[in-house]
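None of the figures in this text is laboratory data; all of them are computed from the coordinates on show. Treat the numbers as computed from the prediction; the structure is a model and nothing was measured. For neighbour counting, all protein chains shown are included, and Cβ atoms are generated from backbone atoms with ideal geometry for every residue, glycine included.
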Amino acid sequence: MRAAAARVATGLAASTVEAWQELRIHKLRVLLSLVGVAVAVASITATVAAGQIAKQMFTESYETEGRPAHISISAYDDRNGMPLSVERVRPAFQTVAERFGVTYASARISAFDIKATTAGSSKRVELMGVDPAYAAIHRVVVPQGRWLEESDKESLSPALVVDETFLKKLGLQGTPLPTSVDLRGQGMSVTATIVGVTSMRGYGTPRAFMLADSLVHWQTGAPTDAGYEMWVPVEGADELAGEINAAMRAELPGLQVDAYRDDYMAWGGEDPIGPIKWVIIGIAGIILLLGALSLLNIALVTIQQRIREIGIRRSFGATTGRVFFSVMMESVVATVVAGLVGVLLAVAAVKNPLVEKYVLQGIDDVPPFPLSAAFLGLAVALAVGALAGILPAMIAARVKIIDAIRF
Amino acid sequence: MSSEELLRLTGVARTVELPDGDDLHILTSVDLLVRRGDHVGIVGRSGTGKSTLLNLLGLLDRPTGGTLEWAGRNVTDISGRQAARIRGRDVGFVFQQFNLLPGRTALENVMAPLLYASGKEFWQRRRIAAAMLDQVGLGDRLDAMPQFLSGGEQQRIAIARALVRRPTVVLADEPTGALDVETGAMVMKLLDQATYESGAALITITHDQNVAALARRRFRLAEGRLHPLAEEAAV
C-alpha cells in the first residue's frame, strides 16, 4: 500500500518534471500560446472578483435600509393626507405584528431639530425612536457598548446608541461608555446615556437611536413622523404584506394604510452588475476558447515532431498511461502557470490603489479580493489545460514504439 | 561472472501480415540463451530480421510463435504495462542514431530513464546520472548540449543512459553504424567494458563483422533462424 502510494507520488513528481523540462525547452511557443490563456483567466477572475466585491458592498449598503424581506407600513388620513399620531397607529401595528407572529417589528419615529450638548460641544443631530428589533432588521453592528434593550425604557435617563460621527462631532471620541449627553428641542429636554456606538456609515449628520417608548415619553406633543417596519421570511413575503395591509386597515377603520415590500430583492437589485458581468465573462470565455485552440493547435503540431522522443521514452519503460499523463501534464502545467499569472494580474488590477481611489471612491471599507474568484481562475486554467492536452496526449499514447524509434 | 540465466528464446517466430493479405515470416524459429555477463554478437544482412529480433528481446514487440523467458519467467504474452516495467528496470538500449533527447543536456539525457524509476533512484537521479557520465569519461561535459558534441561523445552519452538504471541486459542496435572505424572501435570497447563491469549481458546486433568479432558468442541471422558462428569455450 505504502509502496504503491510512493510509486504514485514519484510518478506524479516525475511527470511534472518531464512536463516542466518540455515547457522550458519550448519556452517561446509555450509563451506565445499562453498569452491568450493568461489574459482570459485575468479577465474572468477580475470580473468575478469585481462583481463579488460590488455585490458585497451593494448588499451591505442595501441591507442597512432593511434586510429582505422588509415590509414598510405607513398610515395616514385619506381626507387631508396628514400622517397619524404615533399613539394611534403604534398599538395597531403592535397588535398586527403579534397576530402574524412577526418577531422582528419596529417603529421608526423621527425627531427633528434636536440639539445634543456635551461639556465641549453642541450639535444638531438626527434622533430616531426605534424598537430593539431595529438592529436585526437593519443589520446594525455595535462594536462599542451595546444596542438598545427592552428594559431600557425603565431608565430615567433614556439609553442612546449613536454613530461614530456623533462621537466625533461632539468631542466624545475615546470617552468610556456609558456617558451622558443633553438632548433638547421640539419639546424635549432630557439627559440621555450613550450605551453603544454603531459602525453605520452616516451622511455627515450625527445620528442617535433611542427606544421608541422613551422618545414618546420624553417628547412633549405627540410625534407624528413615524413609519413602521417588519423583517419577515422572503418566501411568501408579498402575500404577507397584503394580509398585513388588510389587518392594519381593519385596526384603523376609515384610514389609509400602505404596507409593501421595499427591500432591494423586491425591486430586482439582487445582482447590481449582473448583465455587465455576464457580457465580460462571455468575452473572456471566447478569449479563453481562442487561447485553448491555439494551445491545442501548437501541441498537435509539436506532438508529430516528438514521435521519436516518445518512442525513446517508451524504451526507458514509460507505459502508455505515463506517456498520456506526461503529455497532458505539459498542457496543464503550462496553463496553470498562465492561470497564476492571470490571477495575479487580476488582483493587481482590482486591488490597484488607483482603482480604489478613482473607481471605488467614497467607500471607506473595500472588501478583500475574493478567494473564490482566484480559485475559479485557477480552476478554469486547469480545465483548459486538461481539455487542450487530451487530444495530443491520446495521439502520443497511440504512438507505436517500434515505428517511433525508427521515425 | 555468474552463469545466471537471463533470457531464453525457444522457437521464437515473428510473422507480419502484408497489406495484400499474405504473411511475411521474418523470424521462423529462433533459439537463444543469454546468461549474465554474456556478450552476444548477432550479424546479418539487411532485411534478415535483426531489428525485429532486437525488438522482441527488448519486449518492444511480441512474438507470434515460440516462447520468450526473462529470468525463468515466461513473458511471451505479458501486458504492455508489465513489459514496460521490465524494460525500464532490466533493459538498456543503445541505438545506431544515438536517439538522444533533443534540447536536453548530456546530464538530462542520462537522467531521463531515472524519471521512470522510483524511490532513491528517482530522487537522486542527478547524482546517479553524473556518476554514470563520469564513468564513460564525460564527467566534464555534464551541461553540454548533444548537438555540439562529436558522434563518439554522443554515443557515450547514449551508453551512459543505457546503463544508468543498472540493467541486466543491454541491447545495442548497430551501435557503431554512425561512427568512423576508429571511434566505433573505441565506443565498442567502452560498451563492452562498461556492461561487463556492471554484470549485464550485452547483445549487439550489427552487420559489421569487426564489431561482432568483439562478442564472446556470435550468431548469424539468416532465413529466420540464428546460426552459431563461434562460441567461447567457457561462457
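Structural remarks
- Helical mean residue ellipticity (222 nm; -39500 (n - 2.57) per DSSP H run of 4+; nearest 500) of chain A: -18000 deg cm²/dmol
- In Å, descending, principal axis extents of the Cα set of region B:49-103: 39, 25, 17
- Expressed as a fraction of 2.2 N^0.38 Å, the C-alpha radius of gyration for region B:145-223 is 1.09.
- Zero-based 10 Å bins, Cα pair distances in region B:1-119, whole percents: 11, 37, 34, 16, 2
- Tail beyond 32 Å, pair distance distribution of chain B (Cα, percent): 18 percent
- Residues whose placed amide H lies under 5 Å from that of residue A:179, excluding near-sequence neighbours: A:194
- Result for chain A in a Gaussian network model with C-alpha springs under 10 Å: among A:352, A:80, A:245, the largest mean-square fluctuation is at A:80.
- Counting only DSSP beta bridges with both residues in the protein assembly as shown, the antiparallel share comes to about 70 percent.
- Acute angle (nearest 10 degrees) that the helix B:80-90 long axis makes with the longest principal axis of chain B, alpha-carbon atoms: 60 degrees
- For residue A:277, a cut-off of 17 angstrom between C-alpha atoms picks up no aspartates and glutamates at all, skipping any fewer than 8 places away in its own chain.
- Across B:120/B:189; A:123/A:153; A:169/A:351; A:123/A:168, pairs whose alpha-carbon gap is larger than 22 Å: B:120/B:189; A:123/A:153; A:169/A:351
- Kyte-Doolittle mean at least -0.5 and Cα axial length at least 27 Å: DSSP H helices in chain A: A:2-25, A:27-63, A:274-305, A:320-350, A:371-397
- Given chain A, longest segment not containing exposed loop GluC sites (Glu not before Pro) (DSSP; at most 16 other Cβ within 10 Å): A:271-407
- Measuring max minus min along each principal axis, the C-alpha atoms of region A:70-261 give extents of 50, 35, 31 Å (largest first).
- Hits among aspartates and glutamates - C-alpha to C-alpha of residue A:115 under 12 Å, sequence gap 8 or more where chains match: A:126, A:182
- The mean sequence separation of alpha-carbon pairs under 8 Å and at least six residues apart, normalised by the residue count of chain A, gives a relative contact order of 28 percent.
- Likely footprinting exposure, A:398, B:125, fewest C-beta neighbours within 10 Å first: A:398, B:125
- Computed helical MRE - 222 nm, chain B, DSSP H runs ≥ 4 contributing -39500 (n - 2.57), nearest 500: -9000 deg cm²/dmol
- Between 0 and 90°, nearest 10: helix B:151-163 axis offset from chain B longest Cα axis: 80 degrees
- Treating each Cα of the protein assembly as shown as one equal point scatterer and applying the Debye formula with no solvent, the log10 of I(q)/I(0) at q = 0.07 Å⁻¹ comes out as -0.65.
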